[in-house]
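> Just dropping this structure here.
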Amino acid sequence: MYASLVLARVAAVMLAVIFTMMVQASAQVRSVHVQAPRPFGYFIGDVIRLQVDIAVDAPFTIVSGSLPKPRSVNYWLDLRSVAVDDRGTRANERSYRIALEYQTFYAPLEPRALTIPGFTVTMSDGSARIAAEVPAWAFLMSPLREIRPQQGRPDALLRADVAPPPASAAQAVVVAIGCGAAAPALFGALAHYYAWWPFSRSRRRPFARARVATRRALAGEVHAEGYLAGLVALHRAFDAAAGRTVMAEDAKAFVASAPTFGRLEPEIERFFQASRRAFFGADPEGAMASFPPNALSTAAARLAAAERAAT
Amino acid sequence: MLLTRDADTTLADWQQRARALEHEVSKAVIGQDRVIRLVTIAVFARGHVLLEGDVGVGKTTLLRAVARAIGGLFERIEGTIDLMPTDLIYHAHLGEDGKPRVEPGPLIRHGGDLSIFFFNEINRARPQVHSLLLRLMAEGSVTAFGREYRFPHLQVFADRNRVEREETFELPAAARDRFFMEIEVPAPVNPEIRRQLAFDPRFHDIDALISRVRGEIVDHSALATVARAIQVGVRASEVLQTYITSLWAAVRTPQEFGIEIDGVDMERLVLGGASPRGVSFLVRAARVRAWLEGRDMVVPEDLREVFFEVMAHRIFLDPVYELRRDRIVRELCKAAIDAVAVP
């Protein structure tokens, strides 16, 4: 007796729960409207845009994974794009507008009704899920031409493509002339940047000038004379860069005042020591042995590169 | 060969002593390393030195310390307006018996062995004294008691303060030209050194300070020989000789080297000066500096280091610019060194 009473109570509670859930479910999706263009007069290749407005109770939001994906729906219908516009919550009601773009490739022989299938959109409030059913939409498609065109009516047959219109070349000509003018200008700028002729005498690039002069002095078989000329050329570059005579003891101060040459300090030191030996120790051969001509030209090139990097 | 090696080892040995001299003097005078280096150069070039600077920067202390470190006999005299040349040579007094006596004065009291003659406040002495000094410095001799006294080892140190102009006599150009160097002694700028000078009791008693300097580090009678050896042993290459002549020309005709100084008409600035004697002094000083740096060749840095002290007082400016002389000459020397390319 007692057991049957308990069973009856449990059954009553379960029924109440199911009922509540059903009530909730029926109350949650408030409306689903499909707005469509005319339902007739479509031809092969036409694009059909459907607009679905869904309204749900506030805490529920659309589960984006449940939306249809752009794809081939069936052999004659493509879904080209899907866009969801969240229109926000008003009076405890959240509304969405889904824009769907279909394209039909059906080739009917006579006017024929076709249906774009419906789909289900899932809503969720974090725990519960409910479904909004979007109904199918039917429309009428028509053929483009007769099934069997009559003889002697060539215009009823497939027509030739329209001949391509001649494209205007004026813009291309303008662009070509512009590029033709810009190229020498850019090349001139590049020559200035690298201090090539005729910018090789540029005052702002003493080391670039020195590199050229050193290379010239050290061309071919190097004798003491050419070596000394190379040293002097580089000395003049240091003087010009510092704005005054730079001596061996000033090397450190020079590097400190022009940090772009900081990496080259050991080479600068070697250069000054070699120059001192060559000019004041009257020992050019010894200087050439300690700081060979190719080291001199390398130093000149690296100084020119460092100078270029700085300006 | 043996002779050369001997000379080399002797020079190396003397270099050590020169360093020791600098070190000893720097114990008494701190924060004046450059001045001490220049005075050392003058000692080893056998040149007379004029120090100038503000009152109380340590000119006299420095010279006393150097004199002590060099050793040899040393005499000192203060320049005053009533000092006459005879006061240097003769000492006139009344003897114990009441009779007037004339005995040798401070200059010749020790005969020819005098090593350092130290003239304080030289610009307070009269031109007559200056002219005596001129002969002493140029020829190393004076005439007294009807005979000539020679001073083969003599070096004259003089100082003057440049603040006071009253009751002073400007040194004639010829006397200034005899000075090997005119060294300006600046007041120390380093705050740590200033603090030490003010608070360290060591610097309060000058006599005690000087007595701490080790005496007789170098043999003053050998200095002349060493100086000659340095001048022979240190090489000045052809490139350097060209450099010196260019430098000389740049000081005499700065406008040709594109040198410009603010508010100065370069065409009329330099009247003359930078005498051949000055240039030869310059080379001498540069050789000694090279030797002190341990080199056997003169490099332009040596010349630059001593250029102002050796040359500045030999440059004569248009009288219009004399009042601004200090700044102008300094800028001129610097501009000349900056303008002349080397090598």
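The values are calculated or read from the model by the stated rules, or taken from the named source; none is laboratory data. Remember, it's a predicted structure, so these values are computed and weren't measured experimentally. So basically every Cβ, Gly included, is an ideal-geometry build from the backbone, and we count neighbours across all protein chains shown.
> Quick one: count up the residues across the stretch B:85-108 that are in a loop (DSSP other than H, G, I, E, B), of a type outside the set (V, I, T) and surrounded by 14 or more Cβ atoms within 10 Å (Cβ to Cβ).
The qualifying residues number 3.
> Next question. Out of the residues in the stretch A:209-244 meeting the condition of being away from chain B (no Cβ under 12 Å) and touching a Lys or Arg at 6+ places or on another chain (Cβ under 7 Å), tell me which one is farthest from A:A299 (Cα to Cα).
A:R209
> Let me spell it out: the conditions are (1) within 10 Å of chain A (Cβ to nearest Cβ); (2) in a helix (DSSP H, G or I); (3) farther than 30 Å from B:A229 by Cβ, and B:R330 meets all of them except one. Which number is the exception?
(1)
Table: residues versus (1) acidic (D, E); (2) touching a helix residue (DSSP H, G or I) at 6+ places or on another chain (Cβ under 8 Å); (3) at pLDDT below 85; (4) surrounded by 14 or more Cβ atoms within 10 Å (Cβ to Cβ).
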residue	(1), (2), (3), (4)
B:R235	no, no, no, yes
B:V239	no, yes, no, yes
B:A249	no, yes, no, yes
B:D265	yes, no, no, no
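> Would you confirm whether or not the stretch A:266-275 contains a residue that is among the hydroxyl-bearing types (S, T, Y), in a helix (DSSP H, G or I) and within 14 Å of chain B (Cβ to nearest Cβ)?
The answer is yes; a qualifying residue exists.
> When you scan the stretch B:311-318, do you find a residue that is more than 21 Å from B:E260 (Cβ to Cβ) and within 14 Å of another protein chain (Cβ to nearest Cβ), even just one?
For the stretch B:311-318, residues more than 21 Å from B:E260 (Cβ to Cβ) and within 14 Å of another protein chain (Cβ to nearest Cβ): absent.
> How many residues does the stretch A:202-234 hold that are part of a loop (DSSP other than H, G, I, E, B) and more than 18 Å from A:P284 (Cβ to Cβ)?
4
> I want to confirm something. Restricting to the stretch B:36-67 and keeping residues that are in contact with a strand residue (DSSP E or B) (Cβ under 8 Å, 6 or more places away or on another chain) and of a type in the set (D, E, K, R), which single residue is nearest to B:R109 (Cα to Cα)?
B:R64
Residue-wise test of (1) within 11 Å of chain A (Cβ to nearest Cβ); (2) assigned to a helix (DSSP H, G or I); (3) surrounded by 15 or more Cβ atoms within 10 Å (Cβ to Cβ).
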| site | (1), (2), (3) |
| --- | --- |
| B:S246 | yes, yes, yes |
| B:E256 | no, yes, no |
| B:V283 | no, yes, yes |
| B:V288 | no, yes, yes |
| B:W291 | no, yes, yes |
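> In addition: Grab the strands (runs of 3 or more DSSP E) fully contained in the stretch A:65-128, keeping just those with 2 or more residues being in contact with a Gly (Cβ under 9 Å, 6 or more places away or on another chain).
A:93-104
> Okay, next question. Please enumerate the residues belonging to the stretch B:94-149 that are touching a strand residue (DSSP E or B) at 6+ places or on another chain (Cβ under 8 Å) and without any contact (Cβ under 8 Å) to a residue 12 or more places away in the chain.
B:L94, B:G95, B:P100, B:R101, B:R135, B:S141, B:T143, B:E148, listed by residue number.
> Is the stretch A:284-299 home to any residue that is facing another protein chain (nearest Cβ under 10 Å), crowded, with 17+ Cβ neighbours inside 10 Å, in a helix (DSSP H, G or I) and touching a helix residue (DSSP H, G or I) at 6+ places or on another chain (Cβ under 9 Å)?
For the stretch A:284-299, residues facing another protein chain (nearest Cβ under 10 Å), crowded, with 17+ Cβ neighbours inside 10 Å, in a helix (DSSP H, G or I) and touching a helix residue (DSSP H, G or I) at 6+ places or on another chain (Cβ under 9 Å): absent.
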